[in-house]
Amino acid sequence: MKISRVVVIGSGTMGSGIAAQVANAGLQVDLLDITKEIATKACERIKNSRPPLLMQEDSLNNIVPGSIEEDMETLKDADWVVEAVVERIDIKKIIYSKIDSLRKPGALISSNTSSIPLKVLTADMSDEMKKVFCITHFFNPVRYMRLLELVIGPQNDQEKIKELVNFGDKILGKTVVVCNDSPGFLGNRVGVYAMQVAMTEAFNLGLSVEEADAVFGRPLGIPKTGVFGLYDLIGIDLMADVLKSFIKELPSSDPFHEVGKELPIINKLIQDGYIGRKGKGGFFRINKSSGTKILESLNYKDYTYKESKKVVLALPELMDVKKVLEREDIYSQYAWSIIKKTILYASNLVPDVTENFNDIDDAMKCGFNWSKGPFEILNEIGIETFLSKLNKDDKIPSFIKQVIEQKKSLFQTKEDSLEYFHPKHLYVSMKRPQGVISLSDIKKSTSPLYTNTSASIWEIQAKSRFICVEFHTKANALDGLTNDCLLKAYDLCDEKYEGIVIANDAMQFSAGVNLNYFYEKAVNKKFNDIDIFLNNFQQSLYQLQHANFPVVSCPSGLAIGGGYEVVSQTSFVAAHSNSVLGLVESLVGLIPAGGGCKEMLRRWSGHPDIKNDPKLLSLKVFNLIGYATTTDSPVKAKFQNFLDNKDIMVMSRDRLIEEADNIIFTKKENYKPLKSASFLLPGSTIMTAMLDILNQLKDKKVIGEHGIEVGKKLGYMLSGGETNSSTILTEKNLYDLEREIFIDLIKQKPTQERIRYTLDTGKPLFN
């Protein structure tokens, strides 16, 4: 049965998010609540949500609000019904009774519960409904969180479950993890445990909240919110409820009881209204009493707040567990305690909750945004090293004992195929959903063709034989070494491969060129070094754009500034549905200089409204780049010409490389490289109009004095410099002009101040 119509019952945060994602997939979804008015208001919240739940506003038309009392007849036509009402079993069972009386034969039914066991939900169900009923646990916000946990029981029709897995994967774009019925399932079971260990160990060691978050963050491959920042984000009161649920459901022998018990500091925060970001604050708060916003942190020892200061612990900016553990100080002690306990706890869930330990890794990576799951961390440390660091009283889980008794390895390569340890079958082949090409798996089973500290090149054999360029710097910022890798990839592909794919497993495709590099060179007046770097960057991208073979970029997350310049100058783009694309250089007092200005002029030059008017062309791109425009979905990106019509949107993050492979396979035989472009630009005749725009923005206090300067330089670039509408400019002319103006701007102190401020705060400076 193909799922083509969906009904979601319950229009709260999760129900609305699920409905929005179904609508994003282009399917009709009925969103029901107690009254139609409530459901209609939910649709309005979806429309105005920030970050946006919809990939385009028109998708809202796919959502039909209705009431449970008057519109339940829609269930007769539904292929999948999702219950997302309040976490009360009595209310859920009333809903299930109505569903059972109206559902279409064979229709899938699920609950989005995060806390109620499947066996409790199905206790009073008919046998027929039990076959098609399961838990589909989405993570919030639904559009952006990749994980979908599918909790099943022995009563389920496995063919129906396969239908739902396939739908969640290919249509909704989720990484689907199937697990057995157990409290907290997989993601929350391990993730919440790790959070509690991180919190309690910080208290035990007397670490400040800033110190704890600095360790339990990027150095361990965990989002920079850390534990205390994450507590505030989720809500301290909500976390307290989650912990109570775990304590209630888990047996007293479960180690969760040691870290999940009530803490006086948590009770006091809740009592005083400090429940996190949604309240007065929590472990962090914003103090506005002085007239300015000051971030303060909690001293949990005496319950006082002080101005929060960034702590410098000399820890790696990128994930490097080994380096952290090598330190012989309180921070390595803290890190080891978290890692050790989390790995041991996760190991105890194999095979009872899942037989595939990779599912736990996937749950942590896709549900909590960890760079690596606990078993990948264990593999990185090495089982022997891990065991050697344990205390005598640490109980080794039976799963790890099994691994030790065999080959002391979680993974092995056999005939170029990756295998993983299975508690029942020793080693079995790593199997992903059909078609999925996992770079993470490839990296476990082979060595790169080329690597440096910033990027690597991997060989992939699928439908096509191609190479994959992976950036792996902080935020995948571009530098000289990433550029070297792009040049090396071109040479390798030209010799014996069918195409190049630029992709990675990180949160961001690339946040742009390394600003630290530019700043250091600028303050030391090494402007020639900057010019050489930019020229090399331009030439490598030009080479890829005009190559004799297809080059496909696969942006996910941020692809902005220099990151977007890479994307824009590849032959094709397979963009994840949540990609953020745009040129944001003006925010730091610069202009795009890796071909970004050139590329946007090229893309807009063929637009029907401005095709024959160079003035309109320059003005359009001037506004686009000047406002640092970004788009939050490939659909919106096409409206701004950040993407071409030939580029595609991919719902599943896991299927980006697969789609890139498909593009290479279909295009390689008759592929013709892009011809070099030429441009007719208006020159100084358009500058008056641009200055009018800038002065209006200054009057409205949108920009300051330096904003005027940056805008003038950008206008000069986009008008073609010292040219006129009868002079033909080449791509090289525009590349040269980009570099000239970029260097002119970075020489200026206000631009350097902008860069420094952004590096320190992550925010733009108004000057």
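FYI, it's all coordinate maths here, none of it is from the lab. In this text the structure is predicted, and so the values were computed from the model without any measurement. Note: ideal-geometry Cβ built from the backbone for every residue, glycine included; neighbour counts use all protein chains shown.
Among the listed pairs Lys372/Lys488; Lys224/Lys280; Lys131/Lys414; Lys293/Lys700, which are separated by more than 31 Å between their Cα atoms? Checking Cα-Cα distances, Lys131/Lys414 exceed 31 Å. Convex hull volume of the Cα atoms of the range 128-263, normalised per residue: 129 Å³.
Per q in 0.13 1/Å, what log10 I(q)/I(0) does a Debye calculation on the alpha-carbon atoms of the range 630-767 return? For the range 630-767, the Cα-only Debye profile gives -0.89. Here the range 320-384 has an Rg and Dmax of 12.3, 37 Å, counting Cα atoms alone. Net charge dipole, the range 183-386: roughly 900 debye, given to the nearest 20, about the Cα centre with Cβ charges of +1 for Lys and Arg and -1 for Asp and Glu.
Note on Lys224 and Tyr671: with the Förster distance fixed at 56 Å, the Cβ-Cβ geometry gives a FRET efficiency of about 0.85. The mean sequence distance of close C-alpha pairs (under 8 Å, at least 6 residues apart), as a share of the length of the chain, puts its relative contact order at 8 percent. State whether the range 365-467 is rounded, prolate or oblate according to the following rule on the C-alpha gyration tensor (a ≥ b ≥ c being the square roots of its eigenvalues): a/c under 1.5 gives rounded; otherwise a/b larger than b/c gives prolate, and the remaining case gives oblate. Prolate, because a/c is 1.5 or more and a/b exceeds b/c.
Rounded to the nearest whole Hz, the Karplus-based 3J(HN,Hα) values (6.51 cos²θ - 1.76 cosθ + 1.60, θ = phi - 60°) of the range 21-27 follow the sequence 5, 4, 5, 4, 7, x, 9, with x at glycine and proline. By DSSP, the beta bridges lying fully in the chain are antiparallel in about 45 percent of cases. Whole-Hz Karplus values for the range 592-605 come out as x, 9, x, x, x, 5, 4, 5, 5, 5, 5, 5, 7, 5 Hz, taken residue by residue from phi with 6.51 cos²θ - 1.76 cosθ + 1.60 and θ = phi - 60°; glycine and proline positions read x. Every Cα-Cα pair of the range 5-180 was included, and the share exceeding 27 Å stands at 17 percent. Over the chain, dividing the summed -39,500 (n - 2.57) contributions of all DSSP H runs of at least 4 residues by the number of residues returns a 222 nm mean residue ellipticity of -13000 deg cm²/dmol.
Among all the aspartates and glutamates, which ones have a C-alpha under 18 Å from Lys424's C-alpha, if same-chain residues fewer than 8 places away are not counted? Correct list for Lys424: Asp352, Glu355, Asp359, Glu405. Summarising the label geometry, the points placed 7 Å from Cα in the beta-carbon direction at Glu73 and Lys698 lie 6.6 nm from one another.
Short-range pairs are left out: with C-alpha atoms under 8 Å and at least six residues apart, the relative contact order of the range 5-180 is 20 percent. Computed from the C-beta positions of Lys309 and Lys408, the FRET efficiency with R₀ = 56 Å rounds to 0.80.
Whole-Hz Karplus values for the range 177-190 come out as 10, 8, 9, 7, 5, 7, x, x, 6, 10, x, 5, 4, 7 Hz, taken residue by residue from phi with 6.51 cos²θ - 1.76 cosθ + 1.60 and θ = phi - 60°; glycine and proline positions read x.
Have a look at Val702, Gly206, Ile338 and report the one farthest towards the positive end of the charge dipole of the chain, computed about the Cα centre with Cβ charges (Lys/Arg +1, Asp/Glu -1). With unit charges placed on the Cβ atoms, the residue in question is Val702.
Do the alpha carbons of any pairs in Lys598/Lys672; Lys526/Lys675; Lys611/Lys675; Lys646/Lys667; Lys92/Lys248; Lys162/Lys408 sit beyond 23 Å of each other, and which pairs?
Those over the limit are Lys526/Lys675; Lys162/Lys408.
For Val64, the residues whose modelled amide H falls within less than 5 Å of its own, excluding neighbours fewer than 5 places apart on the same chain, are Val29, Asp30, Leu31.
Dipole magnitude for the chain: about 860 debye, using +1 per Lys or Arg Cβ and -1 per Asp or Glu Cβ, origin at the Cα centre. Charged neighbours of Asn476, selected by a Cβ distance under 11 Å, balance to -2 (K, R count +1; D, E count -1). Placing +1 on each Lys and Arg Cβ and -1 on each Asp and Glu Cβ, with no other charges, gives the range 383-464 a dipole about its Cα centre of roughly 220 debye. Distances between every pair of Cα atoms in the range 183-386, grouped in 5 Å steps from 0 to the bin holding the largest one, split as 1, 7, 15, 20, 20, 16, 11, 6, 2, 1, 0, 0 percent. Taking all Cα pairs closer than 8 Å and separated by 6 or more residues, the relative contact order of the range 76-122 comes to 54 percent. With Cβ to Cβ distances under 12 Å as the rule, what net charge do the other residues near Met690 carry (K, R +1; D, E -1)? Around Met690, the surrounding residues sum to +3. Here is the P(r) of the range 1-97: all C-alpha pair distances, binned every 5 Å from 0, give 3, 15, 27, 26, 17, 9, 3, 0 in whole percents. Here's the picture: charge each Lys and Arg Cβ at +1 and each Asp and Glu Cβ at -1 in the range 183-386, and of Asn379, Gln271, Asn188 the one pushed furthest to the positive end of that dipole is Gln271. Rounded to the nearest 10 degrees, the angle from helix 705-718 to the longest Cα principal axis of the chain is 70 degrees.
Take the Cα radius of gyration of the range 470-537 and divide it by 2.2 N^0.38 Å, N being the number of residues; the result is 1.27.
In the chain, taking the dipole from charged Cβ atoms about the Cα centre, the farthest positive-side position among Val86, Leu148, Pro316 is held by Pro316. Stretched out straight at 0.36 nm per residue, the stretch from Ile532 to Ser678 would grow longer than its current Cα-Cα span by 50.2 nm.
Computed over the chain, the convex hull of the alpha-carbon atoms projects to a mean area of 34.7 nm².
Between the alpha-carbon centres of the range 104-163 and the range 186-237 there is a gap of 30 Å. Given a Förster radius of 51 Å and the C-beta distance between Ala689 and Ile330 as r, what FRET efficiency does 1/(1 + (r/R0)^6) yield to the nearest 0.05? The formula returns an efficiency of 0.25 here.
Using 0.36 nm per residue and subtracting the Cα-Cα separation, the extra length available between Ile91 and Leu616 on full extension is 183.1 nm.
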